[in-house]
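The structure appears right after this line, and notes come after that.
The values are calculated or read from the model by the stated rules, or taken from the named source; none is laboratory data. This one's a predicted model, so the numbers in the text were calculated from it and none came from an experiment. All Cβ positions, glycine included, derive from the backbone under ideal geometry; neighbour counts span all protein chains shown. All accessible areas refer to the heavy atoms of the entire protein, side chains included, with ligands and DNA or RNA removed. Shrake-Rupley method; radii C 1.70, N 1.55, O 1.52, S 1.80 Å.
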Amino acid sequence: MTVRTRVAPSPTGDPHVGTAYIALFNLAFARQHGGKFLLRIEDTDQQRSTPESEQAILDSLRWLGMDWDEGPDVGGDYGPYRQSERRAIYEEHVQKLLDSGNAFRCYRTNEELDQLRITKQEGGSLTALKVSDLELPADVIAEREAAGAPFVVRMKVPEEGTCVVNDMLRGEIELDWSQVDAQILMKSDGMPTYHLANVVDDHLMAITHVIRGEEWISSAPKHVLLYQYFGWDMPKLCHMPLLRNPDKSKLSKRKNPTSIMYYERMGFMPEAVLNYLGRMGWSMPDESEKFSRDEMFTNFDIQRVSLGGPVFDVEKLRWLNSLWLRELTAEQFAERFAAWGFNPERVLPVIPHLQPRVEVFSDVAPLAGHFLSGLTPLTPESFEHKAYEGEEVVAVLQYGLWLLEATRHWEKENIEKALFGLAKQMEIKVRDFLFPFFMAIAGTSSTISVLDTMALLGPDMSRARIRHAIDVLGAPGKKKLKKLEKDFQAIVRAIEASETTD
Ligand code: GLU
């Protein structure tokens, strides 16, 4: 048997550190066994998936030094490797389940489903919806069918009993069927859900070991059942511990930059980031902290993964990076520094903004040093300005950050639209409004346009600097954050309303 593993990211946002971590362990496992590692794009959520996000995922995994034997960009014998291109395959498999009586068309409306859940909750039972809850009289089904009403396809699941899931690290895990919904397998738009597409693809792509995050344990019973319904052998399952912030909460961008591209922009060495990801829950037999990708693969043993939540600590990563950095010769250092900071791709777009403003080359560094730096050195006093009182400035930065987090296409035009809309709604003059953003992003207000700077720095570094500015000013506590969120929602509604009347 050839070992075949996969990483199956959904291209719905920034390339996440967690994706790279799971990819690395799948890759290490495949390489250790002389097997194959493939990359599959799970883009069945058409609303949220974007080609930019897919590209960013591929680019950042490559930047880290990972390679895959099969995938949407390299091809392979088991393609297509993008789920949106496999619709016919899923339709065929849903039909099989309908024919064997293991799935059914469900014509329940959203209102009915809400009502069913409320009734269940009030009755004190679990809210999982079962076949018996969802059933409709035959004449109602016929009526809805005849009227061309939308339907979904759901799988049948046992109403009670336990499902035993075998996990390579945890042994047998018992899960209660009563908590499992009659899962939707195909949505009313004909697209499969994750569960169906994932099982069908893992089988058809001959995956032997599914190594994924522990957040998927609760989905495993549905998958076990689907394999049984299709009469297929199960791949081995291995649920990796979730990455955590230093305070042990689940890794989140509020506490830690989670986009891999941030680490590139910050000037980390890819070898060091990969090395650090390899340290997440795993250690070398000799416990050495610094090791290369190939050293990891040679010594890899999945049983050495420990389940205590691995902490992703940027300070620790910086320290590890410093070990890698110090080992470079002066020539290598110079070469890599230049490749990072002075490559044409990075420098050329900045020049048109600089050239009209400088008289001699030595004017460049004071004007544009922030393009080469990380987080801006700031104090609360940096934000003192006549237009702002008390905590207003935190609110402006926080609202701006939320809007920028929701900006999917990172272009100057969209950044401007988001921030100017907010300024107008908050009735703050644009100049005054932009002041805290200048400070957060550039550390000064006398430099090139902050909107251009953000567009050039990219979403990860821009958002990280604004987050850092909020921290310097004193990040709002839970209660204050709730209030800000509420006020922000009202502002967003007002912005939307004014856009439709404009
Ligand atoms: N598309 C899922 C994700 O984004 C894949 C989960 C799995 O590996 O089964 O994490």
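Can you tell me which residues in the stretch 269-292 are open to solvent by 20 Å² or more (accessible area, probe 1.4 Å) and over 15 Å from Val311 (Cα atoms)?
Scanning the stretch 269-292 gives Pro270, Glu271, Pro285, Asp286, Glu287, Ser288, Lys290, Ser292.
Could you run through the stretch 202-241 and say how many residues are of a type outside the set (Ser, Thr, Tyr) and in contact with a Lys or Arg (Cβ under 6 Å, 6 or more places away or on another chain)? It would help to see each step written out before you state the result.
From the stretch 202-241, those of a type outside the set (Ser, Thr, Tyr) are 202-207, 209-217, 220-226, 228, 230-241; that's our starting set.
Within this subset, residues satisfying the condition of being in contact with a Lys or Arg (Cβ under 6 Å, 6 or more places away or on another chain) are 206-207, 209.
Adding up the residues that qualify gives 3.
Tell me which residues, restricted to the stretch 242-260, are touching a residue at least 24 places away in the same chain (Cβ under 8 Å) and more than 14 Å from the chain's Cα centre (by Cα).
Arg244, Asn245, Pro246, Lys248
Take the residues in the stretch 36-56 that are near the ligand (Cβ under 10 Å from one of its atoms) and out of contact with any strand residue (DSSP E or B) (no Cβ under 8 Å at 6 or more places or on another chain), then tell me which one is least open to solvent (accessible area, probe 1.4 Å). Let's see the steps before the verdict.
Of the residues in the stretch 36-56, the ones near the ligand (Cβ under 10 Å from one of its atoms) are 40-45.
Applying the additional criterion that residues be out of contact with any strand residue (DSSP E or B) (no Cβ under 8 Å at 6 or more places or on another chain) yields 42, 45.
Working: Glu42: 14, Asp45: 50 Å².
Only one residue fits best here, namely Glu42.
Name, by its number, the condition in (1) more than 16 Å from the ligand (Cβ to nearest atom); (2) out of contact with any Pro (no Cβ under 8 Å at 6 or more places or on another chain) that does not hold for Cys163.
Unmet for Cys163, out of (1) more than 16 Å from the ligand (Cβ to nearest atom); (2) out of contact with any Pro (no Cβ under 8 Å at 6 or more places or on another chain): (2).
Applying the selection to the stretch 272-301, what residues are in contact with a Leu (Cβ under 7 Å, 6 or more places away or on another chain) and not in a loop (DSSP other than H, G, I, E, B)?
Those that are in contact with a Leu (Cβ under 7 Å, 6 or more places away or on another chain) and not in a loop (DSSP other than H, G, I, E, B): Ala272, Val273, Leu274, Asn275, Tyr276, Leu277, Gly278, Arg293.
Taking interchain pairs and intrachain pairs at least six residues apart, which have beta carbon atoms under 7 angstrom, with the first residue in the stretch 3-26 and open to solvent by less than 20 Å² (accessible area, probe 1.4 Å) and in a strand (DSSP E or B) and the second within 9 Å of the ligand (Cβ to nearest atom) and among the aliphatic types (A, V, I, L, M)?
Hits for this filter: Thr5/Ile211; Val7/Ile22.
Any idea which of Glu214, Glu287, Glu271 is more than 23 Å from Ser53 (Cβ to Cβ), within 16 Å of the ligand (Cβ to nearest atom) and of a type in the set (Asp, Glu)? Please lay out each step first, then the result.
Values: Glu287 fails: within 16 Å of the ligand (Cβ to nearest atom); Glu271 fails: within 16 Å of the ligand (Cβ to nearest atom).
After applying the criteria, what remains is Glu214.
Being in a loop (DSSP other than H, G, I, E, B) and open to solvent by less than 70 Å² (accessible area, probe 1.4 Å) narrows it down to one of Ser178, Ser132, Ser125, so name that one. Steps first, answer last, please.
On the way: Ser178 fails: in a loop (DSSP other than H, G, I, E, B); Ser132 fails: in a loop (DSSP other than H, G, I, E, B).
After ruling out the rest, the residue left standing is Ser125.
Residue-by-condition table, conditions (1) open to solvent by 80 Å² or more (accessible area, probe 1.4 Å); (2) within 30 Å of Arg48 (Cα to Cα); (3) in a helix (DSSP H, G or I); (4) not polar (S, T, N, Q):
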{"position": "Pro352", "(1), (2), (3), (4)": "yes, no, yes, yes"}
{"position": "Gly374", "(1), (2), (3), (4)": "no, yes, no, yes"}
{"position": "Pro377", "(1), (2), (3), (4)": "yes, no, no, yes"}
{"position": "Ser382", "(1), (2), (3), (4)": "no, no, yes, no"}
{"position": "His385", "(1), (2), (3), (4)": "no, no, no, yes"}
{"position": "Gly390", "(1), (2), (3), (4)": "no, no, no, yes"}
{"position": "Leu403", "(1), (2), (3), (4)": "no, yes, yes, yes"}
{"position": "Trp410", "(1), (2), (3), (4)": "no, yes, no, yes"}
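Can you tell me which residues in the stretch 209-234 are within 25 Å of the chain's Cα centre (by Cα), surrounded by 16 or more Cβ atoms within 10 Å (Cβ to Cβ) and outside any helix (DSSP H, G or I)?
His209, Val210, Ile211, Arg212
Identify, by number, the condition in (1) over 23 Å from Leu204 (Cβ atoms); (2) out of contact with any Phe, Trp or Tyr (no Cβ under 6 Å at 6 or more places or on another chain); (3) open to solvent by 10 Å² or more (accessible area, probe 1.4 Å); (4) not hydroxyl-bearing (Ser, Thr, Tyr) that His33 doesn't meet.
(1)
Answer yes or no: is there a residue in the stretch 253-271 that is part of a helix (DSSP H, G or I), of a type outside the set (Ser, Thr, Tyr) and under 23 Å from Val210 (Cβ atoms). Spell out how you get there, then give the answer.
Taking the stretch 253-271 as the starting set, the residues that turn out to be part of a helix (DSSP H, G or I) are 260-265, 270-271.
Narrowing the set further to residues that are of a type outside the set (Ser, Thr, Tyr) leaves 260-261, 264-265, 270-271.
Next, only the ones that are under 23 Å from Val210 (Cβ atoms) stay: 260.
The answer is yes, given that some residue of the stretch 253-271 is part of a helix (DSSP H, G or I), of a type outside the set (Ser, Thr, Tyr) and under 23 Å from Val210 (Cβ atoms).
Applying the selection to the stretch 196-211, what residues are more than 10 Å from the ligand (Cβ to nearest atom) and out of contact with any strand residue (DSSP E or B) (no Cβ under 6 Å at 6 or more places or on another chain)?
Val200, His203, Leu204, Met205
I'd like to check which helices (runs of 4 or more DSSP H) are fully inside the stretch 424-482 and have at least 1 residues that are within 23 Å of the chain's Cα centre (by Cα). Can you show your working first?
Details: elements: 430-442, 450-457, 459-473.
Per the criteria, 450-457, 459-473.
Return the total of residues in the stretch 303-327 being within 17 Å of Cys238 (Cβ to Cβ) and surrounded by fewer than 17 Cβ atoms within 10 Å (Cβ to Cβ). Outline the logic, then answer.
In the first step, residues of the stretch 303-327 are kept if they are within 17 Å of Cys238 (Cβ to Cβ); the result is 303-310.
From what is left, the residues that are surrounded by fewer than 17 Cβ atoms within 10 Å (Cβ to Cβ) are 303-304, 306-308.
So the answer is 5.
Which pairs do you get when a residue that is closer than 11 Å to Gln83 by Cβ, found in the stretch 191-205, comes within reach of a residue that is within 10 Å of the ligand (Cβ to nearest atom), reach meaning Cβ atoms under 6 angstrom, with the pair 6+ apart or on two chains?
So the pair list comes out as Met191/Thr44; Pro192/Thr44; Ala197/Thr44; Ala197/Gln83.
Which pairs turn up if I take residues in the stretch 101-118 that are under 20 Å from Asp189 (Cβ atoms) and open to solvent by less than 40 Å² (accessible area, probe 1.4 Å) and look for partners that are in a strand (DSSP E or B) and among the charged types (D, E, K, R) with beta carbon separation below 7 Å, at least 6 apart in sequence or on another chain?
Ala103/Arg154; Phe104/Arg154; Cys106/Arg154
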